[in-house]
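Below is one structure, written out as structure tokens; comments come after it.
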Amino acid sequence: MNPLRWVLIVAGAVVSLAVGVALGSVRISPSALIAALAGEGDPSVRQIVFVLRAPRVALTFAVGGALGLAGASLQAVLRNPLADPYLLGISGGAGLGVVTAIALGLNALWGLPIAAFVGASAALALVYRLGLVGPGMLDSRILLLGGVVVGAFAAAVSQAIVALADAQALRNAMLWLWGGFGGASWLAAGVFTAYAAPAALVLLAAAWPLDLLALGEEPAAYLGADVERVKRRVYLAASLLTAAAVAVAGVIGFVGLVVPHAVRLGVGHVHRRLLPAAFLVGGSVLVLADALARTAVAPRELPVGIVTALIGVPVFMVVLRRWTR
Amino acid sequence: MDTLILRATDVALRYPGAQAPALRGVSVAVPAGSLVAVAGPNGSGKTTLLRVALGRLAPDAGLVEIEGRNVTTWSRRSLARQVAVVAQREEPAFPIRVRDLVFLGRYPHRSAWGGIGEADRVAVASALERVDATGLADRWVDTLSGGEWQRVRVARALAQEPRLLVLDEPTTSLDLRHEMELFTLLGVLAGEAGLGVLVVTHELNLAARFADDVLLLADGRTAAHGAPGDVLVPEVLERVFEWPLGIVQFDGAPQCLPRRRRDP
């Protein structure tokens, strides 16, 4: 393994974080940014950096990393290069869970990831059931089709709830349908980390068995993997990561698809390298996508999920052609 | 015969909803240092016996012991340190290099967070050397020929440092040279390395030339069991395969040749 690639991945993460903090309605020069980080310089710049930009960039990075990690893990257990929390309907289910909870008046920030997790798990269970064509036989094409349909259905119901409910928190409904970090705060970042960090550790600890599962369930079992337990853990952890992401940032698609593929080109398919790299690159990519969403049509802001979809759909088409060839 | 690694005793199994039992009281034992072949027509219960022997299916009756302990009481991980399996089919979902694939054989010996240690490196290098695949280490597995792929999977099994090696139809897609090479390797592994080797195969003639012990199954029953010379006899084989045939001696082993039937 080439250490230069890790230097590039880490450097890319640092640069994207700096770009994310520097860009916005008030542009901050590199020297002003360094001064602010050192606790010097213009107090209003420090205010912007630490109160507005830093929590947003930190949350965005963590969410992007979580989605990259969830996507890479799901691709291994499902043995499907097109698996992604959004395409599998998990994100849509989580979004429906959040919207339902808010419409019912349950909008405590700490509780939303739980509502999202309920929705995410239900959607995944339904999609998995649709994909099972025989005992223990998963048809990955039907699985994806089911995921897209379940996701579309969840989005439709979410939209109906948003239209009918008059809860204050649902006024910014676009957030739940297309994702965005406009409401980011250190508190949101803390809530996200509390739910996502344990799930991320579970997935990172499963790196070796994921290598085995990518070979197939029978060879994996003969090589010593407890297949059912690994699958259960990965599904739960990936759902929880997605749920936490949706609860703080809405539905953001394609990060979990695009990032693992890009990372595979660089570090290969061995999960103890792939998973950490997918986290770092996922974070970097989403921070840059969010910076683009904030600045492309300034002073207005695009939902970040639109930016990731504009990047992700062409990548999906390329991967799809290669996969079905 | 005092160092039995695997012993299956009177194993019976009926799949749920099936008319006839798949296995009706079959016994087989694999001692260290010997190559045992399980042969028989399609549907005779070979693969079912393998699954039961490996603890993937629980038998309705009978007992399977690995190292004297009921196979169902082993965890998959500790079982994988004793028994390595080259399954019939395996398709990696993502490209992987030969060296990384063989390293996966070290999984049962590792902890979740532990790195790759010296013992792992040594085991992988010697496994690759054993199957003469050291030169393939940096290749992607999807560029390998059928024979190379099988050798690499045997290398991964050897990297597990097992006491028993189990192979399910390992020569199905191989040409003459590669099937001879593979069975020669299995013979060496049993004879020199002292492994127990259990191989399920359609290739009765290969079994007769390389195996110490042949179990011939028919309809889930033992049709014949013993040294190749005791199993490859015309009356037995004609009954099992329902086809006229003859036995010739070749290279010191009985070989079975099907006759042409005059009137179809």
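Only the coordinates and a few stated rules stand behind these numbers; no lab work does. Quick caveat: nothing in here was measured; it's all calculated off a predicted structure. Reconstructed Cβ throughout: ideal geometry from the backbone, glycine too, with neighbour counts over all protein chains shown.
The charge dipole of the range A:1-132, taken about the Cα centre with unit charges on the Cβ atoms of Lys, Arg (+1) and Asp, Glu (-1), comes to about 160 debye, rounded to the nearest 20. Exposure proxy ranking for B:K46, A:K231, based on other Cβ atoms within 10 angstrom of each Cβ and starting from the fewest, stands as A:K231, B:K46.
Show me the three semi-axes of the equivalent ellipsoid for chain A, from the C-alpha gyration tensor (sqrt of 5 times each eigenvalue), largest first, rounded to whole Å. The partial results should precede the final answer.
Working: eigenvalues 201, 120, 55 Å².
Rounded to whole Å, the semi-axes are 32, 25, 17.
Here's the picture: charge each Lys and Arg Cβ at +1 and each Asp and Glu Cβ at -1 in the protein assembly as shown, and of B:Q160, A:P314, A:L213 the one pushed furthest to the positive end of that dipole is A:P314. Placing a pseudo-label 7 Å from each Cα along the Cα-to-Cβ vector at A:A205 and B:E238 gives an inter-label distance of 6.4 nm. The amide H of B:V38, built 1.01 Å from its N in the peptide plane, has B:V199, B:V200, B:T201, B:L215 as neighbours under 5 Å, considering only residues 5 or more places off or on other chains.
For the range A:97-140, what Kirkwood radius comes out of the mean inverse Cα-Cα distance, in Å? Each step should come with its number before you reach the end.
Working: mean 1/r = 0.0852 Å⁻¹.
After inverting the pairwise mean of 1/r, the radius is 11.7 Å.
Working note: 222 nm ellipticity from helices only, DSSP H runs with n ≥ 4, each -39,500 (n - 2.57), summed and divided by the residues of chain A, gives -24000 deg cm²/dmol to the nearest 500. Calculated on the Cα set of the range A:76-161, radius of gyration then Dmax: 13.6, 42 Å.
Selection among B:W140, B:I116, B:A127 by position relative to the dipole of the range B:106-145 gives B:I116 as farthest towards the positive end (Cβ unit charges, Cα centre). Counting only DSSP H runs of at least 4 residues, each contributing -39500 (n - 2.57), and dividing by the residue count of chain B, the helix-based mean residue ellipticity at 222 nm comes to -9000 deg cm²/dmol. Percent of Cα pairs in the range A:217-297 per distance bin of 10 Å, from zero to the largest separation: 15, 37, 33, 11, 3, 0.
Using a Förster distance of 41 angstrom, determine the FRET efficiency expected from the C-beta separation of B:D138 and A:A152, and round it to 0.05.
That pair, B:D138 with A:A152, gives E of 0.40.
Over the range B:61-194, all Cα pairs binned in 10 Å intervals from 0 give whole-percent P(r) values of 12, 41, 35, 11, 1, listed from short to long. Who wins for biggest fluctuation among B:G17, B:G40, B:G147 in a Gaussian network model of chain B, springs between alpha carbons below 10 Å? Evaluated over chain B, the most mobile residue of the options is B:G17. Seen against the Cα atoms of chain B and their longest principal axis, helix B:176-191 is set at about 80 degrees. Orientation-averaged projection of the range A:56-206 equals 8.9 nm² [convex hull of Cα atoms, one quarter of hull surface area].
Per-residue mean of foreign Cβ neighbours for B:71-79 is 2 (Cβ atoms of other chains, 10 Å radius).
Placing +1 on each Lys and Arg Cβ and -1 on each Asp and Glu Cβ, with no other charges, gives the range B:122-246 a dipole about its Cα centre of roughly 280 debye.
In which sequence would B:S145, A:S185 go, from the one with the fewest C-beta neighbours within 10 Å to the one with the most?
Values: B:S145 12, A:S185 15.
The order, fewest Cβ neighbours first, is B:S145, A:S185.
Hey, could you get me the Stokes-Einstein D for the protein assembly as shown, Kirkwood radius over alpha-carbon pairs, 10 °C and 1.306 mPa s, rounded to whole µm² s⁻¹? Spell out each step's value before the answer.
Numbers: Rh = 26.6 Å.
The Stokes-Einstein estimate is 60 µm²/s.
Result for chain B in a Gaussian network model with C-alpha springs under 10 Å: among B:E91, B:E192, B:E181, the largest mean-square fluctuation is at B:E91. For the pair B:T47 and A:A160, a Förster radius of 35 Å applied to the C-beta separation gives a FRET efficiency near 0.10, rounded to the nearest 0.05. Which Cα, out of B:I96, B:A37, B:V26, lies furthest along the positive dipole direction of the range B:3-156 (beta carbon charges, K/R +1, D/E -1)? Most positive-ward Cα: B:V26. Computed over the alpha-carbon pairs of chain B, the distance histogram in 10 Å steps reads 7, 29, 34, 22, 7, 1, 0 percent, short to long.
Rounded to the nearest 0.05, what FRET efficiency do A:D139 and A:R229 have when you use their Cβ-Cβ distance and R0 = 22 Å? All intermediate terms of the calculation are to be shown ahead of the outcome.
Details: r = 23 Å, r/R0 = 1.06.
Once rounded, the FRET efficiency stands at 0.40.
Computed as a quarter of the hull surface, the mean projected area of the alpha carbon convex hull for the range A:14-56 stands at 2.7 nm².
Only Lys, Arg, Asp and Glu carry charge here, each on its Cβ (+1 for the first two, -1 for the last two); on that basis chain A has a dipole of about 420 debye about its Cα centre. For the range A:264-325, place one equal point scatterer on every Cα, skip the solvent, and apply the Debye formula. What is log10 of I(q)/I(0) at q = 0.16, 0.28 Å⁻¹? For the range A:264-325 at q = 0.16, 0.28 Å⁻¹, log10 I(q)/I(0) is -0.68, -1.08.
Considering only A:A278, A:A298, A:A199, the Gaussian network model of chain A with Cα springs below 10 Å gives its largest mean-square fluctuation to A:A298. Sparse packing (at most 11 other Cβ atoms within 10 Å of the Cβ) combined with a DSSP loop state is found for the following trypsin sites (Lys or Arg not before Pro) in the range A:1-91: A:R27. Listed by number, the DSSP H helices of chain A that run 15 Å or longer by alpha-carbon position along their axis and have mean Kyte hydropathy of at least 1.0 are A:3-22, A:54-77, A:90-103, A:112-131, A:140-164, A:186-205, A:255-267, A:304-324.
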